[in-house]
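Reading through the structure tokens given below for one structure.
The values are calculated or read from the model by the stated rules, or taken from the named source; none is laboratory data. It should be emphasised that the depicted structure is a prediction, and the values quoted were computed from it without experimental measurement. Cβ placement follows ideal geometry from the backbone for every residue including glycine, while neighbour counts extend to all protein chains displayed. The area values use the complete protein model at the heavy-atom level, side chains included, leaving out ligands, DNA and RNA. Shrake-Rupley method; radii C 1.70, N 1.55, O 1.52, S 1.80 Å.
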Amino acid sequence: MKLTNRSKVVSNKEMTFMERIYLPEIMKGMAITLKHALAGSKGKVYSYPEVEKPRAKVWRGLHVLKRDEEGRERCTACGLCAVACPAEAITMTAAERTRDEKDLYREEKYAAVYEINMLRCIFCGMCEEACPKSAIYLTDRLVDVETNRGSFVYGKDKLVEKINERIDITARQSELQKKSVK
């Protein structure tokens, strides 16, 4: 029984003498290496941090947990981002909002603990796609350099955007996300 129509016929054709000694392919590889060595580093070397290398528009970097227009956290601790994460880098603990915290969280349930292990994260963007409240996004910022492994577990202190330092993510939003935020 065939599951797909993508079957491929493999031939056991005998290799020629030149294919068996690999000499032509080695020469082609050496020619490419020599060409790059002679060309030098024209336009390929950047003096980082003074000059940053240009990145693609779809490049995914540091995560951010967004706030709404009133400054409340959007995350409702539904756990869909953690379930969607193929690297299992996201962990969270949900809590119930009290009357005093009404101006801090949008819904009755919120993420009391929200952590992303940046060493496990593969920056795929699945958490961003899974979030029904458009709470988490991957920005164009670089992950900070750290000296020990424990510093790469980012909590809400590093992930939630500051009220006075909002991060513009409109270029990363899909049309559906833009409509759900409004």
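Shown for region 1-137: the carbon plus sulfur share of the solvent-accessible area, taken with all protein chains present and a 1.4 angstrom probe, equals 57%.
With 29 Å as the limit on Cα-Cα distance, the pairs of Lys44/Lys66; Lys53/Lys162; Lys53/Lys133 that go past it are Lys44/Lys66; Lys53/Lys133.
Could you calculate the contour length gain from Val10 to Lys102, that is, 0.36 nm times the residue separation minus the distance between their Cα atoms, to one decimal place in nm? Walk me through the intermediate numbers first.
Working: separation 92, 0.36 × 92 = 33.12 nm, distance 6.51 nm.
Here the answer is 26.6 nm.
Picking from Ser174, Val143, Thr93, whose Cα lies most toward the positive end of the charge dipole for the chain (charges on Cβ: Lys, Arg +1; Asp, Glu -1)? The one lying farthest along the dipole's positive direction is Ser174.
Using a Förster distance of 45 Å, how high is the FRET efficiency between Thr93 and Ala56, based on the Cβ-Cβ distance and rounded to 0.05? Efficiency for this residue pair is about 0.80.
With +1 assigned to the C-beta of every Lys and Arg and -1 to the C-beta of every Asp and Glu, and no other charges, what is the dipole magnitude of the chain about the Cα centre in debye, to the nearest 20? List each step's numbers first, then the result.
Values: 34 positive and 27 negative charges, 179 e Å.
So the magnitude is around 860 debye.
Dipole orientation for the chain: of the candidates Pro24, His36, Gly61, Pro24 has the Cα lying most toward the positive pole (charges on Cβ; Lys, Arg +1; Asp, Glu -1).
In the chain, the longest principal axis of the Cα atoms and the axis of helix 23-39 are about 60 degrees apart.
With the Cα gyration tensor of region 1-130 in hand, give its eigenvalues times 5 under a square root as the equivalent ellipsoid semi-axes, listed largest first in whole angstrom.
Taking √(5λ) for each eigenvalue gives 51, 27, 11 Å, largest first.
Taken per residue, the accessible surface of region 17-125 reaches 71 Å², heavy atoms only and a 1.4 Å probe. Rg then Dmax, both in Å and based on the Cα atoms of region 56-182: 14.1, 44. Any aspartates and glutamates with Cα under 17 Å of the Lys42 Cα? List them, leaving off those in the same chain fewer than 8 positions away. Counting by Cα, and skipping residues close in sequence, Lys42 has these aspartates and glutamates nearby: Glu52.
Most tightly packed first, judged by the mean number of other beta-carbon atoms within 10 Å of their residues, the peptides 160-166, 149-155, 64-70, 113-119 read 113-119, 64-70, 149-155, 160-166. Stretching the chain fully between Arg149 and Ser174 yields a gain of 5.6 nm (0.36 nm per residue, less the alpha carbon separation).
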